[in-house]
Every structure is written in C-alpha cells, then in structure tokens.
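A short write-up of the structure that comes next.
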Amino acid sequence: MTDENRPGAIVRTYDRDISFASDVNSASMVAREEAKFKSACVLARQFPRDIDRVRVSILKECARPGFAEVGMYSLPRADKSIEGLSVHFANMLERQLGNLDVSVVVVSDEELRRTIEVTVIDLESNVREAQQATFSRTVERRGKKKNGKVEPPDGVIVGERLNSYGEKVYLVKATDEEMLIKQNAISSRIRRNKLLNCCPRDVLDEALTLVKKTKLAAVKADPDAARTKLIDAFASVGVMPDALKSYVLETYKVTLDRVKDENLADLRGIYNSVSEGRLTWDELIANAAGEKAVNKATGEVVSAPTVERKEKDMVPVTEPKTDEPAPAIGTDEHADWLLKKLAACKTNAEKMELAKHMNLIRAERKNELQNAFLRKAFP
C-alpha cells in the first residue's frame, strides 16, 4: 500500500485535498483537525466577507475575455439551450467569497465502486451543505485489433456488453489515474452547485449576463481568432474539425466559416459542457443527426436516406430476418440478442418490430436498450 492510499491519508489533487476515510483515526489527528476548524471559524468571524466587495471582484473577473471563455456552459436541448455558470466560475467564486471550508472525502472504497462526499461549510454562518456520489471503478474500452482479430484490451476485465452499434465493449477495472480523473470530474460538478448556493442569486445572474456579453464582444472583435481557438479547444477533447464542421452544418445550416458570432459564442459554451463531462460528443452529435447517419470513424453527420430508401422503409415487415432464434425472454442473452439485431436492421419497420421486445427486457437492461433505439441511425 502506498503512502497516499494508506488509511487516513490526505491526497493532494489538482486544486483540492481529498482525505481517505479510515475506521481508525488517532486522537491526535482528530484533535488537530478540530483545532484547525475552530481557528478558521474564529478568523472568519473576525474578518467577515463584504458582499459588495465580492460582487465587484466577481464582475471584474467576468469582464475579462479569457475568463469569459470558460465561465459558462451551454447544453443544447431540443429547440433551446440550457446555460449556467461553469466549474471554472465556481473555483473563482470560492476564492472571492473566502471563509469557506471545502472538502472531498472518500467514505467508501469497494472493489468495483467508490463513494465520495463533498462538503462546503460557510465558516461565518456555520451553514453546511454536503452531498454523496457513488460511481464505478470501471471504464469502458473497445478491443484491440491485432493480426486482423479483435482481442480484449489490457487490464482486469470485469464485464462486457454490446454498444448501440452492436460492437462489443469491455468493462475494465480503472487504474488509479483514471479513478482520480473520474473522481475529480464528479466532485467538481458537486462543488460547483454547493458553492453557487453560497452566493446571492442576483449576483450570479449579473455575472452570467456579463460573461455572455464579454464572450460575444470578444468573438465580434476577432471572429477568425475565436473560430481557430474553438477548433483547437474541441480537438483537445478528441473532437476533430470535420466532426465539428458537420455538427455546425446540421445545427445552424451554415458552414463553420459563416456561422454567426452569437452561435460561435454558444459553441464555446458547448465545448465547456463537453470538457466538464456534462455531456459527451456522441450524445450531442446523435441529437443533431436525428434520422440521419453518423460516421462512426469520424463522428460526422452524413446525408439523409434517399427517397428510394424512405419508400422502402414504408414496406411493412412482419419479422426481421434472423439466422438464430431469440434466447429465453427476459434474460441477459435476450437483451444482447436484441442489441445485435438492432445494429443489423435496415428499415424503420424492422426497428419497430424489434421495439415490441422492449417490455420483455428486465429493468436493469431496459435503459441500455432504450438508449440504443434512440441513437440508432440508418446509413
């Protein structure tokens, strides 16, 4: 066991202390932590925050173009976007408010899952907000192609499933680094929500308005530079220019070099959502694709079905062709069989016929099947 994983250890992450809970804590450690908290409360009472000064400092940050780029996120939903202040804004808010105690504690660390608790305490008012989150100690990986065959990936494999494309993906036990990345992403979003609750709502609304105004002004001042930075930003999270251009064309009906300034600013908010883990690029592109197809290799949206194909889709099909009988109803094999047939079906009629099996799938697999049906796109 390494020093940083021993019971009771405090582990320093990118900007946060994460303490690993232990059933056995020495009396001296408990006394030291208690003394530190009491002294912090005393200092907070002696030097309380001035909300007017805090407001001015926050708005000064929001007026900086560099901060405005990362200060908010945007989530496309149907015909509107959900906007909000980002994790980066919450980090800045914590510094400006001061007199806060923020901690992330691992309360349970089992073989295949971990539970953390994020706590934010206002040292001036002793108001405490806490939230727990449980997540798996696994990651999904595709098999490795070797000598024309697909072999399981490296690592400890704990399960496997078929994705919405009918391809086998493996559940692999996460490494320490992957667990730290996953934990930081989850705890950061919880911290954001708790920290925003420590600030008056009118100040946050004013800050969001100023962030949008500053970001749009920066885009209008130099659209080409903003476009280049946007392409580089998406590339840093694995979204290549072709996929980005395809999404812009489907969403805004213009090419990336002709997109409006306000839409270019919105795209920056979408990037922030992807980078913070609020949604994945696959979810975003599937929403834009609708009934169109998505190139699995590049993530691009390709053309809609031809007229001939649409007419073919209207031909009733009573039963999809299959070379193997359906397994016993309600079993995992039945769910896997349905995913495989969904990936192979060619028409909407076949898809609807398969959908009749949905009510026969047990609850643990139904969400996976529903997502596969929603994400199905026809080539």
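A short reminder: the numbers here are calculations on the coordinates, not readings from a lab. From a predicted model like this one, the values you see are computed outputs, not experimental measurements. Note that we place each Cβ from the backbone using ideal geometry, even for glycine, and neighbour counts take in every protein chain shown.
Okay, here's what the table says:
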| read-out | value |
| --- | --- |
| Centre separation in Å (Cα based) which lies between segment 99-127 and segment 167-196 | 15 |
| D332-R141 FRET efficiency (beta carbon distance; Förster radius 25 Å; 0.05 resolution) | 0.80 |
| Sequence of M29, M179, M92 once ranked by neighbouring C-beta atoms within 10 Å, starting from the fewest | M29, M179, M92 |
| Extension reserve of the S57-R95 stretch, reckoned as 0.36 nm per residue once the Cα distance is removed | 12.7 nm |
| Spacing of the two label points (7 Å from each Cα toward its C-beta) at N263 and V107, in nm | 4.6 |
| Using θ = phi - 60° and Karplus 6.51 cos²θ - 1.76 cosθ + 1.60, couplings along segment 182-191 (whole Hz; Gly, Pro as x) | 5, 5, 5, 5, 5, 5, 5, 5, 5, 4 |
| Among the listed pairs K60/K194; K80/K212; K60/K80; K144/K173; K145/K168, those beyond 18 Å (Cα-Cα) | K60/K194; K60/K80 |
| Fully extended contour minus Cα-Cα distance, from E151 to A133, at 0.36 nm per residue | 3.1 nm |
| Length released on extending from E206 to A35, taking residue separation times 0.36 nm less the Cα-Cα span | 57.8 nm |
| Which of V105, V219, V172 has the fewest Cβ neighbours within 10 Å, and the rest in rising order | V105, V172, V219 |
| Which of R189, R32 has the fewest Cβ neighbours within 10 Å, and the rest in rising order | R32, R189 |
